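Note sheet for the following structure.
The values are calculated or read from the model by the stated rules, or taken from the named source; none is laboratory data. Worth saying up front: this structure is predicted, and the values here are computed from it rather than measured. Cβ coordinates were reconstructed from backbone atoms using ideal geometry, including for glycine residues, and neighbour counts include every protein chain displayed. To get the accessible areas, we keep the full protein, side chains included, count just its heavy atoms, and leave off ligands, DNA and RNA. Shrake-Rupley method; radii C 1.70, N 1.55, O 1.52, S 1.80 Å.
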Amino acid sequence: MAAPLTLLLIVAVTIRAVLFRSSLAELISERVEVVSPLNAWKRVVEGLALLDLGVSPYSGDVFHETPLMIYLFHFTVDYAEIVFMVSPYFVDCLSCLLASLDRAKIAIGSNNLKSDLLFNFPGCLRHIISFSTCGLNNAIIALFIFCTLKGSALLSGILLALATYQSIYPLTLFAPALLFFLQRLYIPVNLRRSSFWCFTLQYAFIYVGSLVVITGLSFFLLGSWDFIPSVYGFIFSVPDLTPNIGLFWYFFAEMFEHFRLFFICVFQINVFFYTIPLSIKLKEHPVFLIFMQIAIISIFKSYPTVGDVALYMAFLPAWSHLYRFLRNIFLVSCVLLACSALFPVLWHLWIYAGSANSNFYYAITLLFNFGQILLVSDYFYAYLRREHHLTHGLYLKKKDGTEATLVLK
Amino acid sequence: MLFSVIATITQIHRGILLCDGTKDSESFTAAARDQFQEELVIRPLHSGDIYASFQFRTLWDTDFLQERQKVSHYRLFPKSLGQVLSKFSVRELHISFTQGFWRTMQWGQPFIPSPPGAELWVWFHDTVSDVDGNWKELTNVLSGIFCASLNFIDLTNTVQPSASFKPLGLGNATDHRFLRYATLPREIVCTENLTPWKKLLPCGSKAGLSVLLKSEKLFHSSFHSQAVHIRPVCQDEQCTSKAWELRQTLNVVFDLYTSGQGKKEWSLFKMFSRTLTEACPLATSSKVYVDITDNPELSPATPLLSQAVVLGDRRTYSVFDLTRAEMFGQLRSLNLLLRWKGDSDMLRPLLHAERYVAGFGLQTGEIHTVIYNNHPYRAFPVLLMDSVPWYLQLYIHTLTVTSKSRDNKPSYIHYQPAKDRHRPHLLEMLIQLPPHSMTEVTVQFERALLKWTEYTPDPNHGFYVGSSVVSALVPSMVAMNTNFTQDQPLFSSFVPVKEESSYFVRVYTEPLLVNLPTPDFSMPYNVICLTCTVVAVGYGSFYNLLTRTFQVDEPSLPLAKRLANLIRRIRGVPLLA
């Protein structure tokens with residue numbers, strides 16, 4: 001398995017290096033579907049330029065990266081390309097690992113690696129050669145999942161804290177990670193048991209402690225708490241309405257001022273709200289729960305990009321065995337492909353040609369998000385159905401012996 | 001005897017104008033020592049247009065900022081402005097309303113430069129604790145005084161320049177926390193603004209030079225600018241006593257074709273549809289200067305000539321002193337006739353600036369500012385100040401300054417980035433301009449999508465970006481006069497000349513008009529419904545999958561059998577299959 005993996009990785013490196021050097025890179029790094037105000041590379045360079053001028057990068061509204069990013073890129077700004085080339089590999093390797101670790105899977109084989117990269121290609125192509133820090137964020141989340149799967153609670157906690165520090169939404173991944181460790185250590189999820197609380201408190205302590213340490217380091221880097229309203233306040237209050245592939249921008253562009261706060265709260269709660277019900281339903285399947293959480297974050301976060309979409313799509317090959325239970329996969333693939341093709345067209349028509357208006361782009365945004373929701377819920381349905389078949393048998397019969405159909409009731 | 005009675009009456013009813021008020025000013029000097037001068041400069045321009053510049057100056061020996069004694073006796077100085085100065089602890093106030101753009105390359109340098117629209121910059125006294133609060137109230141009060149919509153000036157278009165707008169009057173203040181600058185490029189100037197401006201003059205529009213200020217002719221011009229400048233000045237060279245100076249200036253350029261019928265022949269009547277009848281009785285000096293350097297035909301001729309070096313150019317003026325009654329002749333009217341022909345060489349302005357937006361589409365763009373140094377052999381530094389609204393996000397790392405196609409690094413850059421919906425960008429740079437060159441400053445920006453309520457009612461017209469300000473000490477070809485004399489013409493004493501070899505110039509560039517992407521304004525309800533529908537679809541799917549379980553589908557009994565079962569259950573009899 002190692003040899004084909006390395007071969008495919010070398011192929012991927014070559015393709016990425018070639019694409020980075022082409023003129024396509026600059027074109028794609030300006031596209032709104034690929035970069036958002038939170039993670040655009042242009043803004044990182046701007047923040048570093050402001051720092052050189054002696055002005056705090058957070059004094060304006062152009063830079064929304066965390067101070068540790070400033071620290072990282074201050075030294076590697078000339079080697080930024082290499083950083084962006086290396087980081088998506090973590091996601092690739094992880095999905096291979098997931099495919100091999102999922103024990104309940106029936107089919108094992110190297111064809112998973114191929115399907116993995118096949119999945120990666122259309123979804124990740126734009127995100128790969130874009131200059132945005134989304135790749136780094138995805139790499140951190142991928143490393144976190146890797147460490148969780150390998151069983152190292154300390155590293156997992158630290159990486160989760162780093163991921164939460166970068167953008168707040170990975171906070172919801174605390175529950176699945178915790179559930180995975182509990183399952184791995186054979187601790188039953190019972191609120192009355194002391195062993196449960198013992199481990200939960202340990203893990204929470206690692207997580208919260210690392211978060212506090214990282215935040216404290218950021219404070220000492222620039223000497224002020226300016227980064228908190230600039231980064232986290234920005235993520236939550238959505239002041240910048242630059243169009244992207246998400247649902248927030250047009251909604252808040254057309255919002256009545258009176259209701260703005262209410263709807264901000266509703267939309268932000270929407271991201272965190274599915275954690276507890278999903279954790280209860282999927283408490284025996286924490287790996288799938290991680291996938292679901294990442295998917296929900298990518299769809300409902302305030303400034304999504306195709307990089308976030310690529311992150312959860314990269315994990316789809318790990319559940320290729322669910323293919324026979326998927327109901328809408330053809331429709332969903334068509335919708336997502338059509339939307340991917342229409343996004344640049346309608347953007348051009350609105351912004352450059354002037355013959356369309358914002359409603360066209362907004363419609364495709366709606367359709368794209370609808371397609372994503374359909375995809376995720378389809379996989380969820382397939383997973384639950386497979387679990388049902390695992391316990392009750394694949395071919396079910398009704399009471400009178402005829403073939404039964406399975407419904408959700 | 002009668003004289004003293006009249007003097008006493010005027011002392012009681014202050015503000016009533018008397019025919020020979022100038023003589024009375026000495027009788028109650030204890031309370032107010034103020035003097036008023038008015039002046040008109042007519043300069044024929046190279047392109048056939050004619051430039052008229054009015055200046056009305058009131059000098060008043062008093063201290064507005066004194067705490068103990070409130071100033072209450074106003075004579076020549078307008079009370080509304082005096083109260084504004086003392087209430088808001090203003091040290092310097094400069095406000096201008098301009099319609100049209102000054103074409104430097106065709107018309108030369110103006111005596112008092114001003115950007116299109118409204119411009120207001122104020123230096124507050126250092127005793128002020130809440131400068132922003134004072135600024136806000138001041139703009140609203142001025143908006144009422146001048147009937148202009150200066151109330152649109154708020155923190156989103158106010159900047160604090162650190163180097164550009166140093167005080168023009170007394171004072172060695174360098175703390176720019178007390179300076180506020182704002183410009184409204186969209187402001188339109190009309191009769192409604194001229195009328196309150198004229199009311200501030202001591203003679204109103206009844207006597208003196210202000211009888212010429214009739215709006216139907218003044219606004220039918222290429223360029224019209226009216227301004228009020230208030231600052232503390234020295235009374236003499238040793239600066240033993242200080243006074244407040246109020247200058248009201250009005251610059252107007254009449255076009256050769258629209259007002260002049262294509263002939264380079266101008267008269268006061270043709271320009272203003274009025275002639276001069278008398279000097280303002282309250283003025284100590286009332287003069288008309290006509291620029292005759294290029295030898296135009298002037299009638300009536302006058303023996304009085306004066307030479308002045310202004311803006312680096314030595315020019316000869318014919319002086320008409322209106323306080324002398326023989327100026328007006330038997331008809332008691334003075335109409336100056338000016339005729340010139342031929343094309344003489346105009347002195348090229350040494351400093352000139354242009355600005356434009358480059359790029360296409362509604363996503364990004366580039367602002368290009370081009371500054372020309374036309375001096376043949378001297379290089380000099382200029383201070384460029386740019387104030388860009390927050391919705392155009394500037395990327396300062398894309399700032400390039402090139403002169404003669406080589407990189408020219410500015411020696412001083414002060415950049416304050418914008419905060420969305422709070423303050424605009426401020427960029428100030430000190431650039432050294434090589435001799436006889438063109439310097440181009442470019443910076444990229446991105447256009448933001450605003451909330452639908454933040455657009456003006458005509459969003460597709462575009463959004464205005466205020467003019468850039470280029471300030472410089474330009475090396476002069478002619479030695480400037482640094483002597484301070486009381487009877488210096490007003491137009492040459494507006495900007496204090498500190499050294500002989502250079503003069504201060506401020507050039508304003510064009511304002512920019514930039515289009516922003518707009519959402520569809522008819523859609524708020526639809527958008528809310530549709531987006532919430534998509535979110536609800538997500539919620540619904542997840543809710544179904546979370547709360548329901550898989551069951552084998554048992555077909556349900558038809559309605560009749562179900563009713564029968566119900567009755568059987570009541571009876572306690574076994575049910576049907």
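Remarks
- Our summary gives chain A a relative contact order of 19 percent, counting only alpha carbon pairs under 8 angstrom and 6 or more residues apart.
- Put B:HIS368, B:HIS422, A:HIS348, B:HIS224 in order of accessible area, highest first, and with a 1.4 Å probe you get B:HIS422, A:HIS348, B:HIS368, B:HIS224.
- Inter-label distance, nm, simple model (7 Å from Cα along the C-beta direction), B:GLN83/B:ARG177: 3.1 nm
- For the protein assembly as shown, the spread of Cα positions along the three principal axes, ordered from largest to smallest, is 131, 74, 56 Å.
- In this calculation the C-beta distance from B:MET105 to A:ILE228 is compared with R0 = 35 Å, giving a FRET efficiency of 0.10.
- The modelled label-to-label distance for the pair A:LYS150/A:HIS348, using points 7 Å beyond Cα in the direction of Cβ, is 4.5 nm.
- Heavy atoms of B:HIS46 accessible to a 1.4 Å probe, total area in Å² rounded to 10: 80 Å²
- Net charge contributed by nearby residues that have their C-beta within less than 15 Å of A:PHE380 (K/R +1, D/E -1): +3
- Pair-distance distribution of the range B:316-415: all C-alpha pairs, bin width 5 Å, starting at 0; shares per bin in whole percent are 2, 7, 13, 15, 11, 9, 7, 7, 7, 8, 7, 5, 3, 1.
- The residues of chain A expose on average 43 square angstrom of accessible surface per residue, using a 1.4 Å probe on protein heavy atoms.
- Across the alpha-carbon atoms of chain B, the computed radius of gyration and Dmax are 32.6, 134 angstrom.
- Carbon and sulfur %, accessible surface of the range A:193-253 computed with the full protein complex present, 1.4 Å: 78 percent
- Within-10-Å neighbourhood charge of B:HIS229 [Cβ basis; K, R +1; D, E -1]: +1
- Stretch gain in nm, segment B:LEU347-B:ALA325, where the contour uses 0.36 nm per residue and the Cα spacing is subtracted: 4.3 nm
- With every protein chain in place and a 1.4 angstrom probe, the accessible-area ranking of B:ARG569, A:ARG260, largest first, reads B:ARG569, A:ARG260.
- For the range B:35-339, a simple Cβ point-charge model (Lys and Arg +1, Asp and Glu -1, everything else neutral) yields a dipole of about 520 debye relative to the Cα centre.
- A full extension of the chain between A:CYS334 and A:HIS74 corresponds to an added length of 89.3 nm, given 0.36 nm per residue minus the alpha carbon distance.
- Compared with its chain on its own, the range A:265-281 contains the following residues whose accessible area drops by 10 Å² or more in the full protein assembly (probe 1.4 Å; ligands, DNA and RNA excluded): A:PHE267, A:ASN270, A:PHE273, A:TYR274, A:PRO277, A:LEU278, A:LYS281.
- Net charge of the neighbourhood of B:LEU268, taken over other residues with C-beta under 11 Å away and scored Lys/Arg +1, Asp/Glu -1, is +3.
- Greater than 29 Å apart at Cα, pairs in B:LYS166/B:LYS419; A:LYS301/B:LYS136; B:LYS166/B:LYS242; B:LYS198/B:LYS270: A:LYS301/B:LYS136
- Relative contact order of chain B, taken over Cα pairs closer than 8 Å and 6 or more residues apart, is 14 percent.
- Tail beyond 19 Å, pair distance distribution of the range A:207-312 (Cα, percent): 59 percent
- When the trypsin sites (Lys or Arg not before Pro) in the range B:50-154 are filtered for DSSP coil states and for at most 11 other beta-carbon atoms within 10 Å of their beta-carbon, the remaining sites are B:ARG68, B:LYS70.
- Gain upon complete extension [B:GLN551, B:ASN515; 0.36 nm per residue less C-alpha separation]: 7.1 nm
- Sites B:LEU304 and B:CYS147, calculated FRET efficiency, Cβ-Cβ separation with R0 41 Å, nearest 0.05: 0.60
- For chain B: accessible area per residue (Å², 1.4 Å): 45 Å²
- In this assembly, the A-B interface accounts for approximately 5800 Å² of buried accessible surface in total, computed with a 1.4 Å probe and without ligands, DNA or RNA.
- Spin-label pair B:GLN432/A:VAL208, simplified geometry with 7 Å Cα→Cβ offset, distance in nm: 6.0 nm
- Förster-model FRET efficiency, 25 Å R0, B:TYR525 and B:ASP458, C-beta, rounded to 0.05: 0.65
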